[in-house]
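Structure record follows, encoded as C-alpha cells.
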Amino acid sequence: MTSTTSPDLTVAERLRAEHGPALTIGADCDLPDDLVIEIDTGAQLTIGERVSIRRGSTIQVHRGATVAIGDDVAIGEHTFISAMAGIRLGDGCALSNMVDLHDHNHRERSATNVPTGQLVPWASGFEAAPIIIEPGVILSNKVTVTAGVRIGANSLIGANAVVSHSTAPDTVAAGVPASVRRHFSGAPVLREDRRVLTVKFFGTSIMEHLEAFNAQMTVQANLPEVGAKVTVEGWHQRGWVHRLALSLRAAHGHVGFDVRNLGEGGATSRDIAAIVETDRATTGTDYDLAFLGCGINDVWRRFQGRLSEAVDLEEYTRHINTMLEQLTGYSRQVVVVGETPFGPIEAPETVTEMNTDLARYNEAARTAAAAHGALFLDVWTPFTAVARHLPTDDATGGVWSDGVHLTELGDTVLLQRTERLLAEHRVINKLLDYPLLERDQALTAYGPLFARHRPTTSS
C-alpha cells in the first residue's frame, strides 16, 4: 500500500492525518516509525503527553471502544494492546517489552452462539470487559493482562505473569496465574476513580438490628454522667451487618462499598419477597453482592398463635425460590444466610419443636441456594456450639438477648462465619474483576469509565 502522506511529517503528525479526530496525541511524545495504530468506526484513542512507545508495538481500538493512555507512560517493544470495550493506562505506567493487553475473548462455539454452525473464527462473537491499569503500575517483560482486570496503583507485576484477577494497589504479584507476593507502602498517586461494590441485605431484625441513638453517647470526650438521662434521638442499624461493612472497608481500603440494609424486624418470607420485588421495581439497581435470610418469623408466628402471619414450609419454599430467581438475575453473587436457632424463649420442649421446624426451613433454603447457584451460609452448627459451651453465668450474656434476637456475641459468630465464607470463596476478590459481557453490552455498560477520554459533541 502506497502512503499518500508526506515523508517529512513526524510520526505523530502522520498518525493524526491518517485517523483524524479519532486519535488524540499529546505533546512531546516519542513514537516509533513502525507503530501500528488501527482505529475502527466510533472508536477513540487518546495518548497523553510525554508518552514513549518503542518499536514493533500495535494498538487496536475496535468499533466503539476506547483506549486512553495517560501522561508520562512508557511502552516497550512489541507490546500489543487490543480493545473492544476499553483499556486505560494511568499516568506514569510502564509496560516493558512484549506485554499483551486484550480486553476481550472469543465466546464459546455453542449452538446458541453459532446456530448455523458457520466455520469462521469470529462466528461465535466476542465478550469483553475493561482493563484498567492505575497510575504508577509497572508491568514487566511478557506480562499478559486478561479482560476485566484492574491493577491497583503502584503495583509491580513480575515477568511472564498472567494477570487474570484484579490486584490491590501497592502490590507485588507474579506467576501464572499471578498471585500476590507482598504489599508495600506505595507512593501517593492521584486516581481517576474508585472501584465501588454495591452490597444489599434482605432479611429480618437479625439483619436490621436497630440500636437506639443519642449523639452524646457516641462521643468519648462528652459522655453523659452515670445515672444521667438522655433522649433517644433515633435508631441506627448496627449488629453483624454493620460490622461486616466496616470489616470489608478495613480489609479493602482501596475499594468503595455501597452497603444497603433492607432488613426488617418481624418480617416473614412473605414480607421479604414483597420487599425484594419493590426494591427492584423502585431502584432497578444491579448488585455485586446480595445477602438473603428469612424463615425464623415464618416458624415463630405459628407458635405465637399468629396463624394468619405464619408461613408454612411449602409457601416458604416458593418465596425463597422466587427471590433467588430474581436476585440471581441482577446480582453477581448471592449468599443465602441460614437462620440461627431459637434459644430459651419458651419451655424447653417447645423450643425443641420450634427448632425442628426451623431446621427444615433452613434445609429448604440450602436446597434453593444450590439450585440457583447461590452460596449458603450455615450458621446453625457454629452458633449452637458457642451457645452450648458457654457457662450459664457467662458475663457476655450468651448469644441471644431474648431467645431470638442476638447479643454482641451472637452477632460476632455470624460476622466470623460470613467473613470465612467470603474468604474461602474469594468472593470480594472475584467481584473486583469487571464481568465479561457480550461486546455491544460491554460498550454500553462500561462506557462511563471512559467518557472523559472521548470527545464531547456540541449541540
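How would you rank 194-205, 378-389, 281-292, highest first, on the average number of other Cβ atoms within 10 Å across their residues?
194-205, 281-292, 378-389
List the aspartates and glutamates whose Cα sits under 18 Å from the Cα of Lys229, skipping any in the same chain fewer than 8 residues away.
Glu211
Just the C-alpha atoms of the stretch 187-298: what Rg/Rh do they give, with Rh taken as the Kirkwood radius?
For the stretch 187-298, the value is 1.07.
Please compute the alpha carbon radius of gyration of the stretch 323-447, then divide it by the globular-protein estimate 2.2 N^0.38 Å. Two decimals is fine.
Here the Cα radius of gyration is 1.36 times the empirical estimate.
In degrees from 0 to 90, rounded to the nearest 10, what is the angle of the helix 239-251 Cα long axis to the longest principal axis of the chain?
Helix 239-251 sits roughly 30 degrees off the main axis of the chain.
Looking at the chain only, what percent of DSSP beta bridges run antiparallel? Nearest 5 please.
20
Over 5 Å intervals from 0, what percent of Cα-Cα pairs in the stretch 196-431 sits in each interval?
Whole-percent P(r) values from 0 Å outward: 1, 6, 13, 17, 19, 17, 12, 8, 5, 2, 0, 0.
For the residue pair Ala111 and Val36, what label-to-label distance in nm results when each label sits 7 Å from Cα along the Cα-to-beta-carbon direction?
With each label point 7 Å from Cα toward Cβ, the separation is 3.9 nm.
Spelling out what I want: for every residue of the stretch 24-39, take phi, set θ = phi - 60°, compute 6.51 cos²θ - 1.76 cosθ + 1.60 (Karplus), and round to whole Hz; glycine and proline get x.
10, 10, x, 6, 6, 8, 10, 10, x, 4, 9, 4, 9, 10, 10, 10
Regarding the stretch 275-323, what are the three Cα extents along the principal axes, ordered largest first, in Å?
Extents along the principal axes: 38, 17, 15 Å.
The stretch 240-379: percent of C-alpha pairs farther apart than 23 Å?
Value for the stretch 240-379: 38 percent of Cα pairs lie more than 23 Å apart.
Would you mind computing, in nm to one decimal, how far apart the modelled labels at Arg388 and Ala228 are, each placed 7 Å from Cα along Cα→Cβ?
Going from the Arg388 label point to the Ala228 one covers 4.7 nm.
GluC sites (Glu not before Pro), restricted to the stretch 146-227: which are DSSP loop and have at most 13 other Cβ atoms within 10 Å?
Answer by residue number: Glu225.
Helix 408-424 sits at what angle to the longest principal axis of the chain, using alpha carbons and giving 0 to 90 degrees rounded to 10?
The answer is roughly 30 degrees.
I need the calculated FRET efficiency for the pair Glu49 and Ala250, taking r as the beta carbon distance and R₀ as 45 Å, to the nearest 0.05.
According to the calculation, E is roughly 0.75.
What per residue convex hull volume, in Å³, comes out for the chain when only alpha-carbon positions are used?
222
Quick note: the coordinates plus some simple rules give every number you see, no bench work behind them. These numbers were taken from a predicted model, which means no experiment stands behind them. For neighbour counting, all protein chains shown are included, and Cβ atoms are generated from backbone atoms with ideal geometry for every residue, glycine included.
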